[in-house]
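Written below as C-alpha cells is the structure these notes are about.
The values are calculated or read from the model by the stated rules, or taken from the named source; none is laboratory data. The structure presented is a predicted model; accordingly, all values stated were derived computationally and were not measured. Note: ideal-geometry Cβ built from the backbone for every residue, glycine included; neighbour counts use all protein chains shown.
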Amino acid sequence: MGATDAVGAMSTAMAYGPVWKRLSASWSNEGSADSRSVLGAFGAQTRLNENAVAGLMLRFDKITLTDAPSTAGGRTYVQPTLEQILPTT
C-alpha cells in the first residue's frame, strides 16, 4: 500500500427494549480504485404469545465502486417477520 491508500471499517449495534439497530460500513482506495459500502437494519418486535413473535425490519444497503466508469447502487426494503418459538420441555 502506498501513502495515499486507505482501508477502513466500522460497525455498531444497539437494542432498547423491542427496538434494535445495526449499522456497518467499509471503505478502501488504492490508486485510482475506490470502494464504499454501507449496510444497515432497524427493527422492532413484539411477543404475540408464548410461542410466536412478530416484527418489522427496515434494511438498506449501498455500494459504490469506482475504478472506471463503473458504479453499482443499492436498495431499500421493508421485511415483515413472524417467528415461532419452540416450547422447551
Across (1) exposed (fewer than 14 other Cβ atoms within 10 Å of the Cβ); (2) farther than 16 Å from Trp20 by Cβ; (3) at pLDDT 65 or above, Lys62 clears everything bar (1)
Within the range 1-36, count every residue that is within 15 Å of Leu65 (Cα to Cα) and either aliphatic (A, V, I, L, M) or in contact with a Lys or Arg (Cβ under 7 Å, 6 or more places away or on another chain) (or both). 5
With the condition being surrounded by 11 or more Cβ atoms within 10 Å (Cβ to Cβ) and polar (S, T, N, Q), I'd like the strands (runs of 3 or more DSSP E) fully within the range 1-50 carrying at least 2 qualifying residues. 19-30, 33-49
